[in-house]
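Just so you know, all these numbers are worked out from the coordinates, no wet-lab data involved. Computed from a prediction, not measured in an experiment: that's the story for all the values here.
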Amino acid sequence: LLLSTFLWSSQSDAIPQPIDLPATVVPQAAPLNQANQIQIQELVERASQRHPELIRLSNRQQQLTLEERYRRSLLLPKVNLEAMLLSRGPLPAGAADGVNYYGFQTDNHKIGIDLAFPIFLRSERGRLRQVQLQNQQTGLERQQAGRDIVNDVQRAWNELAALERQITTQQQTTA
């Protein structure tokens, strides 16, 4: 097939017409030795750091890590410390001096500690274990996605190298 079969004019105001190429038009020569190991390593590294799927899985893993920390905190006992100063109420108008209007005294206070420890932790431990398993599964998914991405980059690179070898072989046989 001739290349001119697939070329059409791109003028917007006219009806597309096929373009005839002169007989002197030849394809551009392919650049030689384009594929090297340094470039493939850079591409693999860039893909493993910036691929959207890996970024999404990393963010999901961070989210599950935070949820795991929250679930662990639900297993801890709760301690509330309370302290209050008590007063005798407003003093009579003649006895109040402005500063001690309510009559606070140093020996009149209330201190309390509330300690709450959940007895049945089965549901909380179950939810914590569920989050841990989800986090582990996301880590494995991220690892598998990373391997798939690296394999795809290397496969494309190998196809490029094979195509370069084919072009070189074809040029040597036609020359």
Quiz item: So what J values fall out for segment 167-173 if you push phi through Karplus, 6.51 cos²θ - 1.76 cosθ + 1.60 with θ = phi - 60°, rounded to Hz, Gly and Pro as x?
Solution: 5, 4, 5, 5, 5, 5, 6
Quiz item: What full-extension length gain, to one decimal in nm, is calculated for SER10 and GLU159 as 0.36 nm per residue of separation minus the Cα-Cα distance?
Solution: 50.4 nm
